[in-house]
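Everything on this sheet refers to the single structure shown next.
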Amino acid sequence: MIPINQPIIGEEEIELVKKVLKSGLLTEKSGCGYYVSQFEDAFAKYVGSKYAVAMSSGTAALHASLMAVGLRAGDEVVMPSFTFVAAAEAAIFAGGIPIFADIDPDTYCVNPESVEDQISSKTKAIIPVHLYGLSADMNPILKLAREHDFVVIEDAAQALGAEYKGKRAGSIGDIACFSFYATKNITTGEGGMVTTNNAEYAEILQEIRNHGEQKEYSSVRLGHNYRMPEVAAAIGLSQLSNLPRFLEARRKNAEILGERLSGLEKLGLPVEPYDRKHSWYVYTVRLKKSNVGKRNKLVAKLRSKRIGVAVYYPVPIHMMPYYKERYAYSKKVLKETMTATRQVFSLPVHPKITEGDLDFIATTLAEALK
Ligand SMILES: *Cc1c(COP(=O)(O)O)cnc(C)c1O
């Protein structure tokens with residue numbers, strides 16, 4: 001099977017892991033060991049934010065961020081429904097209520113007009129998701145945030161290396177969250193990072209990561225154990241140094257695939273608006289004017305040819321059993337979300353994909369569409 005994504009681990013990662021293991025310092029009780037601080041510094045520098053705080057996962061990063069901005073019971077957090085479930089979980093664990101907005105059908109990212117429709121006097125935060133590696137349209141969202149006084153938390157889990165109007169994802173909102181899960185653009189196995197330019201948020205995030213402690217055994221706020229282990233941070237540091245190379249390979253693969261698929265009229269190809277730079281986490285296409293049955297049949301056919309096609313996401317959050325019963329608050333029908341969920345599928349463009357793989361994917365897809 002050609003996998004949709006796969007970790008790329010080199011000798012440097014292996015050597016660094018050995019070094020950490022031999023040192024005996026596997027974690028630092030404050031949450032900020034040697035490799036964690038190195039990784040945080042390098043990460044903040046790369047993203048272009050003042051602070052970076054490492055976490056144990058992207059989900060932990062989202063939860064800690066919502067706690068750090070002072071979410072209170074009953075506060076509303078606006079987010080797209082067409083995304084991974086972590087943002088909704090984070091809102092609920094932080095005491096809030098997820099409110100779902102619709103997406104833009106061309107970029108699949110949250111539609112700022114739909115965000116505006118969902119704003120109420122209880123709105124405390126919005127979580128735009130940079131889906132598939134493409135930044136959401138941030139300027140209108142930042143404008144709404146200023147007008148209505150809520151915070152913007154970027155979910156940049158899929159978008160490390162993406163840009164919006166010359167700024168890297170993670171440096172645009174008040175806070176941003178990243179994931180280093182095994183499929184992401186860089187990985188530490190499990191891991192996450194929060195970036196921010198706000199010194200107070202950074203300090204609070206460090207406390208939340210480590211049981212709300214400023215001094216040991218003297219918790220000043222509600223916290224958690226969201227520390228990143230040293231082994232993970234060492235892997236992350238090495239991965240980050242390879243990121244420019246990874247991104248270049250992803251972009252090249254996406255360009256080749258785009259060329260090979262450009263003649264297929266039934267397919268809607270991903271867009272890269274002029275003011276944004278994609279990080280090509282996955283290459284997501286749409287089977288136009290189709291339904292869930294046709295899409296699923298096509299996906300099954302491609303999988304039978306050993307192409308690791310993925311559907312992100314087959315069920316939007318507000319339609320999942322748990323959320324449908326309790327949290328399906330939306331003033332409007334999420335029309336574009338429901339259409340996309342039935343029509344999209346994602347193809348691999350990760351750095352290990354060869355030009356031969358891309359030819360095979362394009363030919364097989366063209367054949368299957370006949
Ligand atoms: C992966 C992902 C997360 C969660 O990250 P974990 O590290 O798996 O907890 C959150 N949001 C999006 C959009 C993701 O893709």
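The values are calculated or read from the model by the stated rules, or taken from the named source; none is laboratory data. From a predicted model like this one, the values you see are computed outputs, not experimental measurements. Glycine gets a Cβ as well: all are built from the backbone with ideal geometry, and neighbour counts include every protein chain shown. Keep in mind that these areas ignore ligands, DNA and RNA; they rest on the heavy atoms of the full protein, side chains included. Shrake-Rupley method; radii C 1.70, N 1.55, O 1.52, S 1.80 Å.
What does the helix-only formula give at 222 nm for the chain: each DSSP H stretch with n ≥ 4 adding -39500 (n - 2.57), the total divided by the residues, and the result rounded to the nearest 500 deg cm²/dmol?
Calculated at 222 nm, the ellipticity per residue is -12500 deg cm²/dmol.
Which whole-number percent is the relative contact order of the chain (Cα, under 8 Å, 6+ apart)? Averaging sequence separation for qualifying contacts and normalising by length gives 23 percent for the chain. Dipole size of region 46-125 about its Cα centre, with +1 on Lys/Arg Cβ and -1 on Asp/Glu Cβ: approximately 520 debye, rounded to the nearest 20. Between Asp275 and Arg303, what FRET efficiency comes out of the Förster formula 1/(1 + (r/R0)^6) with R0 = 45 Å and r the beta carbon distance, rounded to 0.05? Computed FRET efficiency for Arg303 and Asp275 comes out at 0.80. Along each principal axis, taking the top coordinate minus the bottom one, the Cα set of region 243-369 gives 46, 33, 24 Å in descending order. For the peptides 172-181, 351-360, the ranking by mean Cβ contacts within 10 Å, running from highest to lowest, is 172-181, 351-360. Per residue, the convex hull around the alpha carbon atoms of region 59-218 comes to 110 Å³. Computed about its Cα centre, the charge dipole of the chain is approximately 1180 debye, with only Lys, Arg, Asp and Glu carrying charge at their Cβ. Averaged over residues, the count of other Cβ atoms within 10 Å places the peptides 33-39, 217-223 in the sequence 33-39, 217-223, highest first. For region 172-263, applying the loop criterion from DSSP together with a ceiling of 10 other beta carbons within 10 Å to the GluC sites (Glu not before Pro) yields Glu216. Each Lys and Arg adds +1 at its Cβ and each Asp and Glu adds -1 at its Cβ; summed about the Cα centre, region 228-349 shows a dipole of about 740 debye. In summary, the lysines within cross-link reach of Lys288, defined as a Cα separation below 23 angstrom excluding same-chain residues under 8 places away, comprise Lys266, Lys297, Lys301, Lys305, Lys335, Lys370.
Report in % the part of the accessible area of the chain that belongs to carbon and sulfur, leaving out ligands and nucleic acids; probe 1.4 Å. Mind dumping the intermediate values first?
Numbers: 8440 of 16120 Å².
Its accessible area is 52 percent carbon and sulfur atoms.
Averaged per residue, the chain has 44 square angstrom of accessible surface, using a 1.4 angstrom probe with ligands and nucleic acids left out.
Would you mind checking the pairs Lys165/Lys294; Lys18/Lys352; Lys50/Lys352; Lys45/Lys184 and listing those with alpha carbons more than 28 angstrom apart?
Long pairs (Cα-Cα over 28 Å): Lys165/Lys294; Lys50/Lys352.
Each residue of region 211-219 was assigned a 3J(HN,Hα) from its phi angle through the Karplus expression (A = 6.51, B = -1.76, C = 1.60, θ = phi - 60°), giving 6, x, 8, 9, 10, 4, 6, 8, 5 Hz with x at Gly and Pro. Pair-distance distribution of region 265-305: all C-alpha pairs, bin width 10 Å, starting at 0; shares per bin in whole percent are 24, 44, 25, 7.
Stokes-Einstein at 10 °C, 1.306 mPa s, Kirkwood radius from Cα pairs: D for region 98-160 in µm² s⁻¹? The diffusion coefficient I find is 136 µm²/s.
In angstrom, the C-alpha Rg and Dmax of the chain are 20.4, 67.
Each residue of region 309-319 was assigned a 3J(HN,Hα) from its phi angle through the Karplus expression (A = 6.51, B = -1.76, C = 1.60, θ = phi - 60°), giving 6, 10, 10, 10, 10, x, 9, x, 4, 5, 9 Hz with x at Gly and Pro.
Dipole of the chain computed with +1 at Lys/Arg Cβ and -1 at Asp/Glu Cβ about the Cα centre; of Val85, Val20, Ser179, farthest Cα towards the positive end is Val85. Note on the chain: dipole from Cβ charges, positive end direction compared against Ala136, Gly96, Val344; the farthest Cα belongs to Val344. Looking at the chain, the DSSP beta bridges with both ends there are about 60 percent antiparallel. Average 1/r across all pairs of distinct alpha carbons in region 143-235, invert it, and you get the Kirkwood radius: 14.7 Å. Within region 1-106, all pairs of alpha-carbon atoms sorted by distance into 10 Å bins from zero give the percentages 12, 27, 33, 21, 7, 0.
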